[in-house]
Amino acid sequence: MANDPPTFLQLARELRDQIYENALLTTVATPPESILPCLVDASGPRTDSVRWRLTPNRGSCFGLMHSCRQIYTEMIESIKRDNGLSFELDLVVLKTPSSPDEDSWYRAPEEIWPEWVVLPIFSYYNPKVQSNASSPAITDSTCRSLRVSFRIQSQLRLWWWATGGPAPLTQTLFSMLAKFLLHGPLGLHMKSSQSSDSTWNIDTLSVDIVGVGKTYTNPYDSQIYTVPIEVVEDTEEGLGVYFMEKVCSSGALSGRVRVVRLLVDGEVKRECVIDQETSLSADTKSTWAYYGWIIE
């Protein structure tokens, strides 16, 4: 009818683009009050090395994304104009002796407690889910920047490599990055065995080690500790050797990441521009796959 209100597609394209920018690309640094941090029960068994402090379900754009092919396409165009999305992930790396008389630092359990600090609303959409056959599948998505705060909460130095392969902490970090490249940000909440119809690329990956002079409360004994500078220095060395050199220089990130930076409290210590022509050998791919490095 002539007096019916205009539909969304009857709005000028400029207005629709503003809606896409504001509603779908605006980052959410503070979650809604209804979504509270989900802390681990310190009295329970310590069996999982990764414990999410906040669920990723802060919102949804399924309705708009799947309303029709034109809106879907316009949303993708908006993201491409912005050269992709930016994300920030906070990783609390917690290490405590398993008993008061623990005398071997490498036997002390290590855990990662992640939380999305900046997670664009658009990223709640999982490209794997295609409920509307008229919606084209996303085959690749670009991350403009992924910044990871590597927040140390430990009196002991971390364990980076074991005999013949990465230690559990290193293996977990490799696996988390591989999941992001394979599935996108929500891939970090998925099992490694799940397949994907999409791939993600990262322009700039920054890992910032945070901990010099910082205090923290250990959730298992409620005691306040200060992070020793030696632990931070050892972490910088460990990430430098086993991430910047072993991963960045091996070809594992070729074609998927442009540049990687290692920082300590915001100061850039190392930078690696990825050689896009180098690639992992078949034997290395097979070996690394055992530790969760599968990105294709």
Work through the residues other than residue 162 whose Cβ is under 15 Å from its Cβ and net out their charges, Lys, Arg +1 and Asp, Glu -1.
+2
Would you kindly derive the ³J(HN,Hα) couplings of segment 176-184 from the backbone phi angles with the Karplus curve 6.51 cos²θ - 1.76 cosθ + 1.60 (θ = phi - 60°), listing them in order in whole Hz, with x for Gly and Pro?
5, 5, 4, 5, 4, 5, 8, 10, x
Phi to ³J(HN,Hα) by Karplus 6.51 cos²θ - 1.76 cosθ + 1.60 over segment 264-273, Hz, x for Gly, Pro
10, 6, x, 9, 5, 9, 9, 9, 10, 8
Tell me the net charge near residue 20. Cut-off is 13 Å between Cβ atoms, residue 20 excluded, with +1 for each Lys or Arg and -1 for each Asp or Glu.
-2
Cβ-based net charge around residue 148, under 9 Å, with every Lys or Arg adding one and every Asp or Glu removing one:
-2
Going highest first, how would you order 79-87, 284-292 by mean Cβ packing within 10 Å?
79-87, 284-292
Can you work out the accessible area per residue across segment 173-281, with the rest of the protein chains kept in place, probe 1.4 Å, in square angstrom?
44 Å²
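The values are calculated or read from the model by the stated rules, or taken from the named source; none is laboratory data. As the structure is a prediction and not an experimental result, all values here were calculated from the model. Neighbour counts run over all protein chains shown; Cβ positions are idealised from the backbone, glycine included. Areas reflect the complete protein model, heavy atoms only, side chains present, ligands, DNA and RNA absent. Shrake-Rupley method; radii C 1.70, N 1.55, O 1.52, S 1.80 Å.
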